[in-house]
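Participant: Quick one: the structure is below, and I'll ask about it shortly.
The values are calculated or read from the model by the stated rules, or taken from the named source; none is laboratory data. This is a predicted model, so every value here is computed, not measured. Positions of Cβ are generated from backbone atoms using ideal geometry, with glycine treated the same way; all protein chains shown enter the neighbour counts. Surface accessibility is based on the protein's heavy atoms, side chains included, excluding ligands, DNA and RNA. Shrake-Rupley method; radii C 1.70, N 1.55, O 1.52, S 1.80 Å.
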Amino acid sequence: GEGVLRLTGLELSAAGSQLSGTLDLGLAGARPFLAGELRSPRLDLAALLPSGQGKGTGPVKAKGRKLFSGDPFPLGHLKVLDADLRVEAEELLLPGVGVSGLKTEFRLENGRLTLPVRGRVGGGELTSTLRLDAERSRPQIWLVLSVKIGRIAQMLEHGGRKSAVDGLMDLEIDVAGQGRSPAELMASLQGSTLLVLGEGSIENKYIELLGQSLSANVFRLLNPDRAAGRTTRVDCLVNRFEIREGIARCTALVADTPSMSVVGDGEIDLRTETVSIRFDPAPKKGLGVQGVGTISLSVSE
């Protein structure tokens, strides 16, 4: 048609990914418009990233640098065209995370992006909506994400990453912020997060990466009577943060292991990247001689 190019029977293949479907490219308006429906048996976005990006390489030494970058978001391409795309993928691979049964609608108009997503991660249900307004001088971002009864190890291993943590997870994230960079965004963040973990475990060798002094205290916090073994068991963990203007206040932090019950509170300042969390551990009975709890923690620990 006039000003419209239609591609039918489309087949695309790159870096282990396949896409098929129909695309319409409209060229008659002030901005090009892309619309269509695409399906994929496997969409590996991690493989399409530049070499080294999105790959876990172990602990990183900060060397005075901040975790949240001050470099501007690369959002200029969101203003180049408008789009309305429906995508279904049997398998989506992101850096470190795999999603199956993905269904999403990518809508972009005047630099405003809406991206609803449904699928399964770790065997659990994933629903999410991302909205981004790049037209403002300080781009605004909203994210609502929910994962119901997803197994952490299955989710990470599906994404090609060996998991040091396992457990059944419920996760709720509802946050919004604005900023030209990740640092500005985190400094303005509003919303809440909720994590519930059950039947979990942590591989001891990864706790030991925290360093000799800190790892010893973490072991005593979670598993003070630990015998030689590969993992530390966590029966239940509940954590909730309320976030206002970049200050994440911990309104619930409870961890239960076979040896200890731990309650915590405090806050994380996302603006200055400082953490102030207090832990109140309570040893369980039955760990000492004749059933008497003998585990104790020093003031420093």
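Participant: For L143 paired with T272, estimate the spin-label separation in nm (one decimal), with each label point 7 Å from Cα along the Cα-to-Cβ line.
Facilitator: The modelled label-to-label distance comes out at 2.5 nm.
Participant: Moving on to the next point. Per-residue accessible area for K79 at 1.4 Å probe radius, Å² rounded to 10?
Facilitator: Near enough 90 Å² of accessible area.
Participant: Now for a separate question. Percent of alpha carbon pairs in segment 122-204 separated by more than 14 Å?
Facilitator: Pairs farther apart than 14 Å: 68 percent.
Participant: What is the Cα centroid distance between segment 1-45 and segment 160-201, reported in whole angstrom?
Facilitator: Rounded to whole Å, the Cα centres lie 32 Å apart.
Participant: How high is the relative contact order of segment 107-207, in percent, with contacts defined as C-alpha pairs under 8 Å that are six or more residues apart?
Facilitator: Rounded, it is 21 percent for segment 107-207.
Participant: Using a basic spin-label model with each label point 7 Å from the Cα along Cα→Cβ, how many nm lie between T251 and T22?
Facilitator: Using points 7 Å along Cα→Cβ, the separation is 4.8 nm.
Participant: Shifting gears a bit: So what is log10(I(q)/I(0)) for segment 1-160 at q = 0.13, 0.18 1/Å, when the Debye sum runs over its Cα atoms only?
Facilitator: Result of the Debye calculation: -0.79, -1.36.
Participant: Work out from phi, with θ = phi - 60° and the Karplus expression 6.51 cos²θ - 1.76 cosθ + 1.60, the ³J(HN,Hα) of each residue of segment 139-149, listed in order in whole Hz, and give x for Gly and Pro.
Facilitator: Running phi through 6.51 cos²θ - 1.76 cosθ + 1.60 with θ = phi - 60° gives x, 9, 10, 10, 9, 10, 9, 9, 10, 10, 6 Hz.
Participant: A follow-up question, please. Using 0.36 nm per residue of separation minus the Cα-Cα distance, give me the extension gain between R131 and E11 in nm, one decimal.
Facilitator: Computed gain between R131 and E11 is 40.3 nm.
Participant: Also, quick follow-up: Multiply the residue gap between R86 and R230 by 0.36 nm, knock off their C-alpha separation, and tell me the result in nm, one decimal place.
Facilitator: 47.4 nm
Participant: What do you get when you divide the Cα radius of gyration of segment 98-149 by 2.2 N^0.38 Å, with N the number of residues?
Facilitator: Rg over 2.2 N^0.38 Å, computed on Cα atoms: 1.30.
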